[in-house]
Amino acid sequence: MIRTTALLLLAFAAGGTAGWLAKDPSRADLRDAAEARAARSAEAWNRYLERHPTGFHAAEARAWLADLLRPPAAPPAMSQVEALSTEIHAWEVRFAAAAPPAAPAPVPEKKPVPPSERPPVRPLAPGASREEVDAYLVSVQRRLNGIPTYNRDDPDRALLLAVPKEHIDLLLSAAATSRSWMFNGLADEVLPTMPGIDDPVLVKAWIKRLPVLIRTVLDHGWERDFHDLLAENARGMRKVSQQVLWVRAIAKAGEPKDYPLLEEIVVGSEYGYWRRDLFREVEKLPGFPAQRLVQRCWDTRKPRNGVEAFFPVAAEYGIRDALAQVVSCVTAPQPHFRTENADAWLAEHSDAPDDAARLATWLGPAGDPPRFDPATRRWTRGAAPAGF
């Protein structure tokens, strides 16, 4: 367009400005020029020149034709480097499409480190000072640091048991701050029953940072003394094994005001087998809404995270779909509720045949399930139980 405008200006200059202004184009000249200008094609301007070979708009037509008929500029030539790079890329694409996917690199197996290969630790001398005990615990952590496997019977647990009773608080502090998985595992094993840990004031000071001390509370029957602290912090446990013990301790206190909290803890647990273990701790509490809690857990279940572990619990509370899931586990083993578990559960809680081929007939369609007796928590195809 810029080139067209320049050609027009040259044409106008050649004709003389005064002469151009003196001319008065006819209406046909104006109309035909407007049509050719709208068409923007060489054919339109050629037709215009056939009708009006001279005049102001004839110069415009020739300028347009010179621009429209000019051959397009050739693309810049590709350099040798660009050509070679393009060819290499084409080969890479073809090779990637034909080559099989590379196998993932094998993950190196984590092997336990035997005590004989761990850094040595100088034993504590009798009557060691706090500074010496603190340095001793640092060396124990260094010895256990980086060990990828944990064994509760590891002989190095004796290193923790060697801490004197009067300095037990130093071991508690080390366990609360250590990032050594092995050290923390052994501390969880030995701390709840160590001499010197039988002081409720000391346990209250550390139980929030070391939830494993709930075992000490249960062993000494301190559930009522610790009730408020436990109820306040039970919801945020990271280890379900410890949360189960916290729920057990709250349940032992036997206060109905805690029932809503216990119900929310069970429903809020992420995995099916966590829900199962937590529910078993509270289901027999006097007046506890166990049936409602089971229904809530069933309605909020997720198709993963060990959901099958809660199937038998829901079936024991009369949920027919849960019974169907237990039956399906006989032919389709699940990681948390295997075939032998399903067989044993059906034998205890139903009159289902032990022949897997006949189980579907016994289960029946959804509209005709086996009868459920809430008193015995059994499913049967026999006569209806009294009062059902």
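How do the peptides 173-180, 276-283, 251-258 rank, highest first, by the average count of neighbouring beta carbon atoms within 10 Å per residue?
Answer by packing, highest mean first, reads 276-283, 173-180, 251-258.
When we measure straight from the Cα of Lys208, which aspartates and glutamates land under 16 angstrom away, once same-chain ones fewer than 8 places off are left out?
Within the straight-line cut-off, Lys208 pairs with Asp169, Asp188, Asp199, Glu223, Asp225, Asp228, Glu232.
Sort segment 168-242 into rounded, prolate or oblate with this rule: let a ≥ b ≥ c be the square roots of the eigenvalues of the Cα gyration tensor; rounded if a/c is under 1.5, and if a/c is not under 1.5, prolate when a/b is larger than b/c, oblate otherwise.
Note, shape of segment 168-242 comes out oblate.
Using a cut-off of 15 Å between beta-carbons, work out the net charge of the residues near Arg37 (Lys and Arg +1, Asp and Glu -1, Arg37 not included).
-1
Given 0.36 nm per residue, what is the gain on full extension from Glu117 to Arg224 after removing their alpha carbon distance, in nm?
Once the chain is fully extended between Glu117 and Arg224, it gains 33.9 nm.
Excluding Ala290 itself, calculate the net charge of residues whose Cβ lies under 9 Å from the Cβ of Ala290, where each Lys or Arg counts +1 and each Asp or Glu counts -1.
Result for the local shell: +1.
At Arg157 and Ser241, where each label point lies 7 Å from the Cα along Cα→Cβ, what is the point-to-point distance in nanometres?
1.1
How long are the semi-axes of the equivalent ellipsoid of segment 306-388, defined as square roots of 5 times the Cα gyration tensor eigenvalues? Whole Å, largest first.
20, 14, 11
Given a Förster radius of 56 Å and the C-beta distance between Ala332 and Lys204 as r, what FRET efficiency does 1/(1 + (r/R0)^6) yield to the nearest 0.05?
It comes to 0.70.
Values in this text are rule-based calculations from the coordinates and carry no lab data. What you are looking at is a predicted structure, and each value in this text was computed from that prediction instead of being measured. All Cβ positions, glycine included, derive from the backbone under ideal geometry; neighbour counts span all protein chains shown.
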